[in-house]
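Here's the structure we're looking at; comments come further down.
The values are calculated or read from the model by the stated rules, or taken from the named source; none is laboratory data. As the structure is a prediction and not an experimental result, all values here were calculated from the model. Here Cβ is always computed from backbone atoms with ideal geometry, including for glycine, and neighbour counts include all displayed protein chains. These accessible areas exclude ligands, DNA and RNA; they are computed on the full protein's heavy atoms, side chains included. Shrake-Rupley method; radii C 1.70, N 1.55, O 1.52, S 1.80 Å.
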Amino acid sequence: MALEETDIVALAAKAETGIRQYHLTVVNAGISDPSSTLRLAEEIAQKTTEYMARHGKEVTVNTVTLKDYAEDIADASVTFRPSEKLKAVIRSVSESDGLIAASPIYKASYSGLFKEFWDVVEQDAIFNMPVVLAATGGSDRHALVPDVVMRGLFAFFRAVPAATSLMATKEDFDTPELNNREARAASELGALMLSGVRQQVCEEQKSAMKW
């Protein structure tokens, strides 16, 4: 049975029946060129797009490379006043239907640039946002970072991380094992996007706030 035909994924996929354009944002904290972190995120994004296409949905992918905004992020982290350029980036993230958050691993955690960016994002900006957590590192010793470290950060934001997270070393790329995990994470993210859970819960939250 194909991965996207399992009960949970199939039911979620059927929840969204209207015609609409979906927006998926990649937040990439990689700093090298070429970046293995960006490569991992883009491979997941591509598989998510393919999954959505199989369900008759179109996806626009927007990639945010944090190193391009490093000065703005550093300034905002001490002034608490994001520049207009950074505000536009945060707005594009918050208005997405799904998110892929990817960071290189330094000393058993996500990078400082990755953390600084999320430090200046308002805590409700990605409320109930479907998100895949991805990281790259030098060895398998970092394998638990996405689940142990990154998942806690996105729990604070009350986002909805996909069950499958990914950590890859350079040796993992182009292997069946990584390809399978990317496909699983992509199908979970696509199912969450199709379920409309972010829009539904946000609308319920707005209604609940009307006294």
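Per-residue answers, yes or no, for (1) surrounded by 14 or more Cβ atoms within 10 Å (Cβ to Cβ); (2) at positive phi; (3) not in a helix (DSSP H, G or I):
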| site | (1), (2), (3) |
| --- | --- |
| 60 | no, no, yes |
| 64 | yes, no, yes |
| 68 | no, no, no |
| 76 | yes, no, no |
| 81 | no, no, yes |
| 87 | yes, no, no |
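Exactly one residue out of 100, 44, 105 is open to solvent by less than 40 Å² (accessible area, probe 1.4 Å), modelled with pLDDT of 95 or more and farther than 28 Å from residue 197 by Cβ: that is 105. Here are 182, 177: which of them is among the acidic types (Asp, Glu) and either in contact (Cβ under 8 Å) with a residue 12 or more places away in the chain or in contact with a His (Cβ under 7 Å, 6 or more places away or on another chain) (or both)? Only one candidate qualifies: 182. Does residue 32 fit the bill of being surrounded by fewer than 17 Cβ atoms within 10 Å (Cβ to Cβ) and outside any loop (DSSP other than H, G, I, E, B)? When the stated conditions are applied, residue 32 does not pass them. Across the range 125-155, the number of residues qualifying as closer than 24 Å to residue 194 by Cβ, open to solvent by 10 Å² or more (accessible area, probe 1.4 Å) and in contact (Cβ under 8 Å) with a residue 24 or more places away in the chain comes to 3. Residues in the range 156-171 that are of a type in the set (A, V, I, L, M, F, W, C) and either open to solvent by 60 Å² or more (accessible area, probe 1.4 Å) or free of Cβ contacts under 8 Å to residues at least 24 places away in the same chain (or both): 156, 163.
Within the range 75-97, residues that are free of Cβ contacts under 8 Å to residues at least 40 places away in the same chain sit with their Cβ atoms under 8 Å from residues that are aromatic (Phe, Trp, Tyr) and surrounded by 11 or more Cβ atoms within 10 Å (Cβ to Cβ), at 6+ positions apart or across chains, in these pairs: 85/69; 86/69; 89/69.
Conditions tested, residue by residue: (1) farther than 17 Å from residue 184 by Cβ; (2) in contact with a Ser or Thr (Cβ under 6 Å, 6 or more places away or on another chain).
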| position | (1), (2) |
| --- | --- |
| 41 | no, no |
| 69 | yes, no |
| 77 | yes, no |
| 82 | yes, no |
| 90 | yes, no |
| 98 | no, no |
| 103 | yes, yes |
| 133 | no, yes |
